[in-house]
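The values are calculated or read from the model by the stated rules, or taken from the named source; none is laboratory data. Keep in mind the model is a prediction, meaning the values are calculated, not measured. Virtual Cβ from ideal backbone geometry, glycine too; neighbours counted across all protein chains shown.
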Amino acid sequence: MGASTGGTAFWGMATFEAESWDKILEVFSHPEYERVVFPDERRIIDRARTQVFAGEFATMLDRGVQSKT
């Protein structure tokens, strides 16, 4: 793993969006995911050090929408 910056111990991040937390867990536990993705994932992810954060996303700035003011 590379050197950390900004006082964090992380060198990567992934964002998963779905209708619900259950839908994301459904993908991760699907036999096809376990068969195809998991073997490759083992080479790049240290699961013992992985942290998961759940939350809501909001668009704070959308340059495609003009202000009404």
For Gly7, indicate whether it is at pLDDT below 75 and not hydrophobic (A, V, I, L, M, F, W, C).
-> yes
Note on the stretch 23-67: residues within 15 Å of the chain's Cα centre (by Cα) and in a loop (DSSP other than H, G, I, E, B) are Ile45, Asp46, Thr50, Gln51, Val52, Phe53, Ala54, Gly55, Glu56, Phe57
The lone exception for Asp40 - which of (1) farther than 18 Å from Phe53 by Cβ; (2) modelled with pLDDT of 90 or more; (3) of a type in the set (Asp, Glu) it fails | (2)
